[in-house]
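Asks: Just dropping this structure here.
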Amino acid sequence: MRQIFQEIPSTNERLRLQNPNLWDSILAFEQHQGRGRRGNDWVSPKGGFYFSICSPQHKLLPLIAGLSSKLSLESFHQFNVSLKWPNDLILDGKKLGGILCESHNDFAIVGVGINIVTSPDVPSSISLNDIGVSINLLDLADKFENILKRELMNFDSNDFFISYRKAEILLGKNVRWNGSEGIVIDITENGELMVEENNNIITLNAEEVHLEH
């Protein structure tokens, strides 16, 4: 079942409190208390796509949700949406949206926020409207739900990582995190970022990673 709200504090939180069934979802056109990773605020003005859905648990869920978002958007228009590990959607080098996955007992909630008409007033953000693209939010919710179901229910590790690696902008790039820096080598089968740092190979699990320019 899907609920639709003109405005809401948080789609993820509302869905969690409802003790949802698998694939129940909430779509909102504005959030007042949207959340990003690490408890950061997610600016959610009117005119965006704010969607949360109850899904099965999966160790790669944030990456699968990111790829599903990319494929959903690209099904409507011919443009290239990239992914930035672990949860950002990138368009023309700027942040178009993000993913927030939260585990709750025997289910997970996948939250997706995408800048459709407007974007946060920062130079690193972009909206679809900025490039002259318009997508019906109900159609986007349907498409994302269908692709997410397909990716989870027919998951094939080899196929998934081939697609994900093609979309990931960090591969082969210099990055920095927590005062350290290195070169991204790969994504592990557990969804970790594999980085070469001073001739040592390390893996990052949930660190905030930034591209070196």
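Asks: Considering ASN174, ASN178, ASN205, ASN198, which residue is at pLDDT 95 or above and surrounded by fewer than 16 Cβ atoms within 10 Å (Cβ to Cβ)?
Replies: That would be ASN174, the only listed residue that is at pLDDT 95 or above and surrounded by fewer than 16 Cβ atoms within 10 Å (Cβ to Cβ).
Asks: Here's something else I'd like to know. Limited to the stretch 138-183, what total is found for residues that are in contact (Cβ under 8 Å) with a residue 24 or more places away in the chain and of a type outside the set (Lys, Arg)?
Replies: 25
Asks: Can you tell me which condition ASN146 does not meet? The list is (1) of a type in the set (S, T, N, Q); (2) within 22 Å of PHE49 (Cα to Cα); (3) modelled with pLDDT under 95, and all the others hold.
Replies: (3)
Asks: Also, I was wondering about something else. For the subset of the stretch 4-22 comprising residues that are within 15 Å of ALA141 (Cα to Cα) and surrounded by fewer than 15 Cβ atoms within 10 Å (Cβ to Cβ), which member is modelled with the lowest pLDDT?
Replies: GLN6
Asks: Something else now. Suppose the filter is closer than 20 Å to ASN87 by Cβ and buried (at least 18 other Cβ atoms within 10 Å of the Cβ); does LEU137 pass it?
Replies: no
Asks: Further, regarding this structure: Could you figure out which of (1) crowded, with 16+ Cβ neighbours inside 10 Å; (2) assigned by TED's automatic domain parsing to the domain that holds GLN78 isn't true of VAL184?
Replies: (2)
Asks: For the stretch 162-185, which residues satisfy the criterion of being of a type in the set (Asp, Glu) and over 14 Å from ILE90 (Cβ atoms)?
Replies: Across the stretch 162-185, the qualifying residue is only GLU181.
Asks: Okay, next question. Which members of the stretch 104-132 meet the condition of being part of a helix (DSSP H, G or I) and either in contact with a Leu (Cβ under 6 Å, 6 or more places away or on another chain) or among the charged types (D, E, K, R) (or both)?
Replies: The one that is part of a helix (DSSP H, G or I) and either in contact with a Leu (Cβ under 6 Å, 6 or more places away or on another chain) or among the charged types (D, E, K, R) (or both): ASP130.
Asks: Working carefully through the options SER124, SER119, SER52, find the one that is crowded, with 21+ Cβ neighbours inside 10 Å and more than 12 Å from the chain's Cα centre (by Cα).
Replies: SER119
Asks: A follow-up question, please. Return the pairs, sorted by first residue and then second, in which the second residue is assigned to a loop (DSSP other than H, G, I, E, B) and buried (at least 20 other Cβ atoms within 10 Å of the Cβ), the first residue lies in the stretch 72-92 and is without any contact (Cβ under 8 Å) to a residue 24 or more places away in the chain, the beta carbons are less than 7 Å apart, and the residues are 6+ apart or on different chains.
Replies: GLU74/VAL81
Asks: Which residues, counting only those in the stretch 64-103, are within 17 Å of SER163 (Cβ to Cβ), among the hydroxyl-bearing types (Ser, Thr, Tyr) and not in a helix (DSSP H, G or I)?
Replies: Hits for the stretch 64-103 are SER75, SER82.
The values are calculated or read from the model by the stated rules, or taken from the named source; none is laboratory data. Predicted, not measured: the structure shown is a model, and the values here were computed from it. All Cβ positions, even for glycine, are placed from backbone atoms using ideal geometry, and neighbour counts span all protein chains on display.
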